[in-house]
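Visitor: Take this structure first; my questions come after.
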Amino acid sequence: MPARRCAALGAAVALVAGPVVLAAPAQATGGTGGTGGTGVTTGKGKANAVVLRTGLDVSLLNKSVNVPLRAALNEVRAPADADKTALTVELDGVDQGRPFTVLRADVATARATVDEHKAEGYANIAHAKVHVPGLPLLSLIEVQEVTSKAVCAAGKKPVAESNLLGTVTVLGKKVTLSAAGPTRVEVPGVGEVTLDLSKTRTTSRTAAATALELKVAVNPLKLNVADVQGTLTLAEATCEAPAEPVKQTEPEPEPEKEGVEPQTATEPTTENLAETGGSSMTPYLAAGAVLLLAVGGGALVLVRARDRG
């Protein structure tokens, strides 16, 4: 009996210890982890401003000479900050070869600024006189002060505004401008000018403001010495808002269902292997267990034979 108990105990110990001895080192496989992140993207805005812009066609000497008058005073553009304060603009070749001064002003400022949050255009002109060829002594228009401003902030409604302060004189006549529509000024023997006051427009991301826009048709005494046709703009500002920052976030994990425990990639233990048998070493463990069982059985048979003998 002592021998039988010893052999049975040895077989049981072998069956329990075998998997531990033969098990390969556990390795964690599959599954990757990481932390969520947030990104922000922005787009640049734009801004423009100009004190004076002319789009005039000047015909001299019964239209034998045509000179396009395309001039701009203090025109600035941004994304980078910019400003100009020149007080005169001249045109060459229309006054018997001498420079011709189109505009003189005490104040003439144009500024355009853009950053990641806002774009802004600003134009201001004060005590200004505009001349065109053929009228060297008579101003086309005189203004005390005009200002235009356009502001476009990201995510906000753009704003455009123009202001006209003081009197306005057109072809020697003081005029009262109306916001309801164009104002027409006609001077016999000189010509006519049509003025639009404070034109503004906005969209969801843009704004534009023009203090004064003139449509000009001048031919003094119809002598065809200087026939001037076209448009002239005073104090114009425009802007386009930067794109509103958009946060780009990783999708949220789906909520866990009730009764289902979250699965994680962890290093398997010997207990897990024994319970599930989930390992590439399972066949070897089974073979070892069978071998140990056979050895224990053989020892038991020998003991019994020895007792019988």
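Visitor: Nearest 0.05, what FRET efficiency do residue 84 and residue 161 give at R0 = 25 Å with Cβ-Cβ as r?
Guide: Once the sixth-power term is evaluated, E becomes 0.75.
Visitor: Moving to a separate point now. Which value in nm describes the separation of the simple spin-label points at residue 174 and residue 217, placed 7 Å from the Cα toward the beta carbon?
Guide: Calculated label separation equals 2.8 nm.
Visitor: Round to the nearest 0.05 the FRET efficiency obtained for residue 57 and residue 116 when R0 = 51 Å and r is the Cβ-Cβ distance.
Guide: The calculated FRET efficiency here is 0.75.
Visitor: Hey, rough spin-label estimate for residue 231 and residue 66, points 7 angstrom out along Cα→Cβ, what's it come to in nanometres?
Guide: A separation of 1.9 nm, rounded to one decimal place.
Visitor: Here is a further query. Accessible area per residue of the range 69-187 at 1.4 Å probe, in Å²? Mind dumping the intermediate values first?
Guide: Numbers: 6170 Å² over 119 residues.
I get 52 Å² per residue for this part.
Visitor: Give the carbon-plus-sulfur fraction of the accessible surface of the range 145-234 in %, rounded to a whole number; probe 1.4 Å, heavy atoms of protein chains only.
Guide: Looking at the range 145-234 in its full context, I get 51 percent from C and S.
Visitor: Pop out the ³J(HN,Hα) list for the range 67-75 in order, Karplus 6.51 cos²θ - 1.76 cosθ + 1.60 with θ = phi - 60°, rounded to Hz; leave Gly and Pro as x.
Guide: With coefficients 6.51, -1.76 and 1.60, one gets 10, x, 9, 10, 10, 9, 9, 6, 7 Hz.
Visitor: Amide H of residue 198: which non-local residues (sequence gap of 5 or more, or other chain) have their own amide H closer than 5 Å, using H built in the peptide plane?
Guide: Here the answer is 212, 213, since their amide H atoms fall under 5 Å of that of residue 198.
Visitor: If you don't mind, there's one more thing I want to ask. Give me the one-decimal nm value for the distance between modelled label points at residue 192 and residue 244, 7 Å along each residue's Cα-to-Cβ direction.
Guide: Between residue 192 and residue 244, the label points sit 4.7 nm apart.
Visitor: Using every Cα-Cα pair within the range 112-170, state what percent have a distance larger than 20 Å.
Guide: Everything past 20 Å amounts to 46 percent.
Visitor: Find how much the distance from residue 77 to residue 104 grows on full extension, using 0.36 nm per residue of separation minus their present alpha carbon separation; answer in nm with one decimal.
Guide: So the extension gain works out to 7.5 nm.
The values are calculated or read from the model by the stated rules, or taken from the named source; none is laboratory data. Since we're looking at a predicted model, the values are computed, not measured. Here Cβ is always computed from backbone atoms with ideal geometry, including for glycine, and neighbour counts include all displayed protein chains. Protein only, heavy atoms only, side chains kept; ligands, DNA and RNA dropped before computing areas. Shrake-Rupley method; radii C 1.70, N 1.55, O 1.52, S 1.80 Å.
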